[in-house]
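J.: The structure follows.
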Amino acid sequence: MSLVRATATIGSLTLVSRVLGFLRDVLMARFVGAGMAADAFLIAFRLPNLFRALFAEGAFSAAFVPMFSRTIAANPDDSGAGQRFAEEVLSVLLPILVVFTAVMLVATGPVVWALTGGFPDASPQKFELAVEFTRITFPYLLLISLVSLMGGILNSLGRFWVNAAAPILLNLALIGGMLFFRGDSDVQTARVQAACVTIAGILQFIWLLWACVRVDIKLRLHWPAFTPMVKRLLIIIGPAALGAGAVQFNLLISTALAARFLPEGAVSYLYYADRLNQLPLGLIGIGVGTALLPALSRQLGAGNPQVALHTQNRAIELVLLLTLPAAAALVVSAVPIISGLLEGGAFTPADSSATAAALAAFSLGLPAYVLIKVLTPGFYARSDTKTPVRIAVASMLVNLVGNLLLIWPLAHVGIALSTALAAWVNAGALYVVLHKRGHFAVDARLRRTVWRLVVAALAMVGVLLALNPVIMGWMHGNIIVRGLGLGLLLSAGGIAYLASAFALKAFSVADLRAQLTRRKS
């Protein structure tokens, strides 16, 4: 499967998941709002969600997929070699997860206090709710880690769609909880949401298990044994977790600072803004990164570094083509977008304004977030997880310093802005190191394309700035009027971008057609 086709497969299912995810957020804004209950639930959801991001989209896949793929390639006459390796990993992983989950359930109170400082400016009930909700949601970590193991196997076999579809179940469970089982108060509704997180983990586990059985992958548990392969996997996972999760760790730090030092609602503002910012990241960055890692691993393993270089250049070209207009829209039109999508019910105009400011700041780093997903596989495909972790630590320090400097004059917007800055530091450092090692160089085609895409994005910005005041009046109407207004705004901006990019010859229909049909070894 070509990189673009694999990305399209993952991206289309991710699109369904992200659309459902945003519908979930719209419902949550309506029924829970941005107050005490929302802040408590979002703190509780942040911890297992952090591990979901690390395992499902980062460390585990980065370590497991290349090793599983190489095991299969190295044993062409032994169809069970890959499955035996997966069983060895499962037999060690499961006991570790059970013990870790049990410890976290016992120590939930201190963990939540360390994260929030006990919400100094809020009532004790907020802290108690956060502890309660965390205990309800945390088993999701165990379940999603097992899902990630099975998803890594299926990704290695080229069955990307199964794992990409799993997050849809999470969103359906949370939406169903709000529509059919919500309580009479925001606290009761938030409690239902916490329960639905763990229920979703069970559904995802069953879905991946069924998919593995369908391809005759039936994992069995053995007595845990730290075989040489398992030891190597564990050694790789640690650094990979920090490297792949730099953005998530930055968000965790940001959430902790907002809970400790900012007024009630700040955690919710950052959450809603980040969720919208994550939409293009999930569609583009995760899709390309997931498809790119096994492709680079195969190409480098086959002794084709020039083919791998070409693949990575085209991946960057693809993500910039798609990411720059998304970043432009989210920065320039944050206010009408947030007002049109979230405002109403428990979510007030003041909440919209505060969330839009955070969204614009987050989105300044959107191209960097996506580039991290494309550049990091260049290290993982060479079994180097130490370098990305060093860079990740540096970016987290930048984020921490930026937070402490900007939180006082800019409140929650300063937190979002420092997160974007840290992402650019991360992406820039990844590029510099790959380039110095001779593992990556920007080719002539990419150099020619980048400046043209930037000019096209600026043309889009001009159109959006002109339309924002007109469209803003539509954002206080009913859902149909809002939808039409946002559709008109984004369609006009998108047409301006594509027309400019096409006129500047930043891309051609023939190039896209060739990428869609090309298969790379």
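J.: At a Förster distance of 25 Å, what's the computed FRET efficiency of residue 195 paired with residue 106, Cβ-Cβ distance as r, to 0.05?
T.: 0.80
J.: Using helices alone, I'd like the mean residue ellipticity at 222 nm for the chain: each DSSP H run of four-plus residues gives -39500 (n - 2.57), total over residue count, nearest 500.
T.: -28000 deg cm²/dmol
J.: Taking θ = phi - 60°, what integer Hz values does the Karplus form 6.51 cos²θ - 1.76 cosθ + 1.60 yield along segment 318-332, in sequence order, with x for Gly and Pro?
T.: Rounded to whole hertz, the list is 5, 5, 5, 4, 8, 7, 4, x, 5, 4, 4, 5, 5, 7, 7.
J.: So what J values fall out for segment 338-345 if you push phi through Karplus, 6.51 cos²θ - 1.76 cosθ + 1.60 with θ = phi - 60°, rounded to Hz, Gly and Pro as x?
T.: Karplus values, whole Hz, x for Gly and Pro: 5, 4, x, 8, 10, 5, x, x.
J.: Over the alpha carbons of the chain, what is the largest minus smallest coordinate on each principal axis, giving the biggest first in Å?
T.: Largest to smallest, the principal-axis extents are 64, 60, 42 Å.
J.: Ratio of segment 120-182's C-alpha Rg to 2.2 N^0.38 Å, to two decimals?
T.: This ratio for segment 120-182 stands at 1.56.
J.: Starting from the Cα of residue 114, step 7 Å along the direction of its Cβ; do the same at residue 397; then give the gap between the two resulting points in nm.
T.: 2.1
J.: Could you give the length gained by full extension between residue 260 and residue 161, i.e. 0.36 nm per residue of separation minus their alpha carbon distance, to one decimal place?
T.: 31.6 nm
J.: Mind listing the long-range amide H neighbours of residue 383? Cut-off is under 5 Å, sequence gap 5 or more, other chains count too, H placed in the peptide plane at 1.01 Å from N.
T.: none
J.: In whole Hz, what ³J(HN,Hα) sequence does segment 25-33 give by Karplus (6.51, -1.76, 1.60; θ = phi - 60°), x for Gly and Pro?
T.: Using θ = phi - 60°, the values come out as 5, 4, 5, 5, 4, 5, 9, 10, x Hz.
J.: Calculate I(q)/I(0) for segment 138-244 by the Debye formula, one identical point scatterer on each C-alpha and no solvent, and give its log10 at q = 0.10, 0.12, 0.21, 0.24 Å⁻¹ to two decimals.
T.: After summing over all Cα pairs, the log10 values are -0.39, -0.54, -1.15, -1.27.
J.: Can I ask one more? One quarter of the convex hull surface, Cα atoms only: what value does that give for segment 32-244 in nm²?
T.: 12.7
J.: Here's another thing I want to ask about it. Rounded to the nearest 20 Debye, what is the dipole magnitude of the chain about its Cα centre when Lys and Arg each give +1 and Asp and Glu each give -1 at the C-beta?
T.: It comes to approximately 1640 debye.
J.: What lysines does residue 386 reach when the alpha-carbon gap must be under 19 Å and sequence neighbours fewer than 8 apart in one chain are set aside?
T.: 231, 373, 436
J.: Give the average over all directions of the projected area of the C-alpha convex hull of segment 312-434, one decimal, in nm².
T.: Dividing the Cα hull surface by four gives the mean projection, 8.6 nm².
J.: While we're on this one: So if I place +1 on the C-beta of Lys and Arg and -1 on the C-beta of Asp and Glu, and nothing else carries charge, what would the dipole magnitude of segment 32-244 be about its Cα centre? I want it in debye, nearest 20.
T.: The dipole magnitude comes to about 360 debye.
J.: While we're looking at this one, here's another question. Within 10 Å, count the other beta carbons around each residue, average over each peptide in 271-278, 85-92, and list them highest first.
T.: Those peptides, ordered most packed to least, come out 271-278, 85-92.
J.: Compare the Cα positions of 95, 461, 385 along the charge dipole of the chain (+1 at Cβ of Lys, Arg; -1 at Cβ of Asp, Glu; about the Cα centre) and return the one farthest towards the positive end.
T.: Ranked along the dipole, the leading option is 385.
Since every read-out is calculated from the coordinates, none of them should be taken as a lab result. Bear in mind the structure is a predicted one, so any value in this text is a computation, not a measurement. Here Cβ is always computed from backbone atoms with ideal geometry, including for glycine, and neighbour counts include all displayed protein chains.
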